[in-house]
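> Take this structure, written in C-alpha coordinates, and hold onto it; I'll ask about it next.
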Amino acid sequence: MTAITQRAKHFVAVRNERKETINAMVGMELAEVQEEQKKIILTFPIYTWELNPDEHTHGGILAAMLDIAMGCAAYSFSKAVFAPTIQMAVNFVKSTHADDVLRIEAICDHAGSRMAMIRALAYDQQGNVVASSNGSYAINIK
(Lines give C-alpha, C1' and ligand atoms only; values in the text may rest on other atoms or scores of the structure.)
Protein backbone atom coordinates (compact mmCIF):
# COMPACT_ATOMS: atom_id res chain seq x y z
CA MET A 1 0.00 0.00 0.00
CA THR A 2 1.36 3.40 -0.96
CA ALA A 3 1.82 6.33 1.41
CA ILE A 4 -1.01 8.26 -0.27
CA THR A 5 -3.47 5.38 0.17
CA GLN A 6 -2.33 4.97 3.79
CA ARG A 7 -2.96 8.68 4.41
CA ALA A 8 -6.44 8.47 2.85
CA LYS A 9 -7.33 5.43 4.98
CA HIS A 10 -5.98 7.16 8.08
CA PHE A 11 -8.03 10.31 7.33
CA VAL A 12 -11.26 8.29 7.09
CA ALA A 13 -10.50 6.06 10.09
CA VAL A 14 -9.73 8.96 12.43
CA ARG A 15 -12.90 10.80 11.46
CA ASN A 16 -15.09 7.71 11.79
CA GLU A 17 -13.75 6.94 15.30
CA ARG A 18 -15.51 9.81 17.09
CA LYS A 19 -19.14 8.75 16.71
CA GLU A 20 -20.60 12.01 18.04
CA THR A 21 -19.04 14.14 15.29
CA ILE A 22 -20.55 15.10 11.94
CA ASN A 23 -17.60 13.39 10.23
CA ALA A 24 -18.62 10.01 11.67
CA MET A 25 -22.37 10.63 11.45
CA VAL A 26 -22.30 11.02 7.64
CA GLY A 27 -21.02 7.43 7.30
CA MET A 28 -18.19 8.03 4.82
CA GLU A 29 -16.25 5.17 3.29
CA LEU A 30 -13.11 5.28 1.20
CA ALA A 31 -14.06 3.80 -2.18
CA GLU A 32 -10.95 4.40 -4.24
CA VAL A 33 -7.63 6.22 -4.50
CA GLN A 34 -6.43 7.10 -8.01
CA GLU A 35 -2.93 8.35 -7.41
CA GLU A 36 -2.00 9.29 -10.98
CA GLN A 37 -5.16 11.41 -11.32
CA LYS A 38 -4.67 12.75 -7.77
CA LYS A 39 -8.24 11.66 -7.01
CA ILE A 40 -9.87 10.41 -3.81
CA ILE A 41 -13.33 8.85 -4.03
CA LEU A 42 -15.51 8.64 -0.93
CA THR A 43 -19.07 7.36 -0.62
CA PHE A 44 -21.73 8.76 1.70
CA PRO A 45 -25.13 7.13 2.36
CA ILE A 46 -28.01 9.57 2.67
CA TYR A 47 -29.87 9.15 5.97
CA THR A 48 -33.29 10.53 6.88
CA TRP A 49 -31.79 12.82 9.56
CA GLU A 50 -29.90 14.60 6.75
CA LEU A 51 -33.08 15.68 4.93
CA ASN A 52 -34.62 19.14 4.82
CA PRO A 53 -38.40 19.68 5.31
CA ASP A 54 -38.97 19.00 1.60
CA GLU A 55 -37.40 15.50 1.98
CA HIS A 56 -34.26 16.37 0.01
CA THR A 57 -30.72 16.24 1.36
CA HIS A 58 -30.04 19.44 3.30
CA GLY A 59 -27.60 21.68 1.40
CA GLY A 60 -25.41 22.12 4.47
CA ILE A 61 -25.02 18.36 4.82
CA LEU A 62 -24.09 18.02 1.15
CA ALA A 63 -21.60 20.89 1.53
CA ALA A 64 -20.09 19.12 4.56
CA MET A 65 -19.69 15.90 2.56
CA LEU A 66 -17.94 17.78 -0.25
CA ASP A 67 -15.70 19.53 2.28
CA ILE A 68 -14.77 16.23 3.93
CA ALA A 69 -13.89 14.65 0.57
CA MET A 70 -11.82 17.66 -0.52
CA GLY A 71 -10.12 17.75 2.89
CA CYS A 72 -9.24 14.08 2.46
CA ALA A 73 -7.63 14.83 -0.91
CA ALA A 74 -5.73 17.82 0.52
CA TYR A 75 -4.43 15.70 3.39
CA SER A 76 -3.66 12.62 1.29
CA PHE A 77 -1.72 14.38 -1.48
CA SER A 78 0.33 16.61 0.85
CA LYS A 79 2.52 16.24 3.91
CA ALA A 80 0.02 18.07 6.13
CA VAL A 81 -0.71 16.91 9.66
CA PHE A 82 -4.00 18.78 9.31
CA ALA A 83 -5.55 20.55 6.31
CA PRO A 84 -8.31 22.93 7.44
CA THR A 85 -10.58 24.61 4.93
CA ILE A 86 -9.62 28.15 3.95
CA GLN A 87 -12.51 28.69 1.55
CA MET A 88 -14.93 26.66 -0.51
CA ALA A 89 -17.76 27.20 -2.98
CA VAL A 90 -20.59 24.81 -3.76
CA ASN A 91 -22.91 24.60 -6.74
CA PHE A 92 -26.07 22.57 -6.14
CA VAL A 93 -27.28 20.90 -9.33
CA LYS A 94 -29.86 18.23 -8.45
CA SER A 95 -31.64 17.10 -5.28
CA THR A 96 -30.94 13.82 -3.52
CA HIS A 97 -33.09 11.71 -1.22
CA ALA A 98 -32.81 9.24 1.66
CA ASP A 99 -31.55 5.78 0.72
CA ASP A 100 -29.30 7.18 -2.03
CA VAL A 101 -25.53 6.79 -1.77
CA LEU A 102 -23.43 9.70 -2.98
CA ARG A 103 -20.08 9.15 -4.64
CA ILE A 104 -17.82 12.16 -4.25
CA GLU A 105 -14.70 12.44 -6.37
CA ALA A 106 -12.19 14.98 -5.04
CA ILE A 107 -9.29 15.96 -7.29
CA CYS A 108 -6.15 17.67 -6.02
CA ASP A 109 -5.11 20.27 -8.58
CA HIS A 110 -2.24 21.59 -6.44
CA ALA A 111 -0.68 20.68 -3.10
CA GLY A 112 2.12 23.04 -2.21
CA SER A 113 3.96 23.72 1.02
CA ARG A 114 1.25 26.08 2.34
CA MET A 115 -1.97 25.47 0.43
CA ALA A 116 -3.86 22.84 -1.57
CA MET A 117 -6.43 23.57 -4.28
CA ILE A 118 -9.10 20.89 -4.61
CA ARG A 119 -12.27 20.43 -6.71
CA ALA A 120 -15.00 17.84 -6.31
CA LEU A 121 -18.07 16.39 -7.99
CA ALA A 122 -20.87 14.55 -6.15
CA TYR A 123 -22.82 11.88 -8.05
CA ASP A 124 -26.00 10.03 -7.14
CA GLN A 125 -26.40 6.28 -7.72
CA GLN A 126 -27.67 6.88 -11.26
CA GLY A 127 -24.46 8.75 -12.13
CA ASN A 128 -26.03 12.21 -12.18
CA VAL A 129 -23.97 15.13 -10.90
CA VAL A 130 -25.81 16.52 -7.87
CA ALA A 131 -23.22 19.14 -6.80
CA SER A 132 -19.81 20.53 -7.63
CA SER A 133 -17.36 22.31 -5.40
CA ASN A 134 -13.90 23.80 -5.17
CA GLY A 135 -11.85 24.84 -2.20
CA SER A 136 -8.55 25.92 -0.74
CA TYR A 137 -7.01 24.03 2.19
CA ALA A 138 -4.16 25.09 4.48
CA ILE A 139 -1.22 22.71 4.65
CA ASN A 140 -0.32 22.67 8.35
CA ILE A 141 2.98 20.90 8.95
CA LYS A 142 4.40 20.50 12.46
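The values are calculated or read from the model by the stated rules, or taken from the named source; none is laboratory data. On a predicted model such as this, the values are computed, not experimentally measured, just so you know. Please note: Cβ atoms are built from the backbone with ideal geometry, for glycine as well, and neighbour counts cover all protein chains shown. To get the accessible areas, we keep the full protein, side chains included, count just its heavy atoms, and leave off ligands, DNA and RNA. Shrake-Rupley method; radii C 1.70, N 1.55, O 1.52, S 1.80 Å.
> Take the residues in the range 125-142 that are outside any strand (DSSP E or B) and surrounded by fewer than 19 Cβ atoms within 10 Å (Cβ to Cβ), then tell me which one is modelled with the lowest pLDDT.
Result: Lys142.
> Follow-up question, since we're still on this one. Which condition does Ile46 not pass, out of (1) open to solvent by 30 Å² or more (accessible area, probe 1.4 Å); (2) aliphatic (A, V, I, L, M); (3) more than 22 Å from Asn134 (Cβ to Cβ), if it passes all the others?
Unmet for Ile46, out of (1) open to solvent by 30 Å² or more (accessible area, probe 1.4 Å); (2) aliphatic (A, V, I, L, M); (3) more than 22 Å from Asn134 (Cβ to Cβ): (1).
> Let me ask something else about it. Identify, by number, the condition in (1) at pLDDT 95 or above; (2) out of contact with any Leu (no Cβ under 8 Å at 6 or more places or on another chain); (3) of a type outside the set (D, E, K, R) that Phe82 doesn't meet.
Unmet condition: (1).
> In addition: Tell me yes or no: at least one residue of the range 14-25 is open to solvent by less than 50 Å² (accessible area, probe 1.4 Å), hydrophobic (A, V, I, L, M, F, W, C) and out of contact with any helix residue (DSSP H, G or I) (no Cβ under 6 Å at 6 or more places or on another chain).
No - not one qualifying residue is present in the range 14-25.
> May I pose another question? Could you grab the pairs with beta carbons closer than 6 Å, sequence gap of 6+ or different chains, first residue in the range 19-36 and among the hydrophobic types (A, V, I, L, M, F, W, C), second one exposed (fewer than 14 other Cβ atoms within 10 Å of the Cβ)?
As it stands, the answer is Ala24/Arg18, since those pairs meet every condition given.
> A further question follows. Out of curiosity, is Gly71 surrounded by 14 or more Cβ atoms within 10 Å (Cβ to Cβ), in a helix (DSSP H, G or I) and modelled with pLDDT of 95 or more?
So Gly71 passes the test.
> Give the residue, chosen from Ser95, Ser76, Ser133, that is under 12 Å from the mean Cα position of the chain (by Cα), closer than 28 Å to Trp49 by Cα and among the polar types (S, T, N, Q).
The unique qualifying residue is Ser133.
> Moving on. In the set Ile86, Ile61, which member is assigned to a helix (DSSP H, G or I) and touching a residue at least 12 places away in the same chain (Cβ under 8 Å)?
Answer to the selection: Ile61.
> Identify, from the list Ala116, Ala64, Ala98, Ala89, the residue that is surrounded by 16 or more Cβ atoms within 10 Å (Cβ to Cβ), out of contact with any His (no Cβ under 7 Å at 6 or more places or on another chain) and of a type in the set (A, V, I, L, M, F, W, C).
One residue alone meets the criteria, Ala64.
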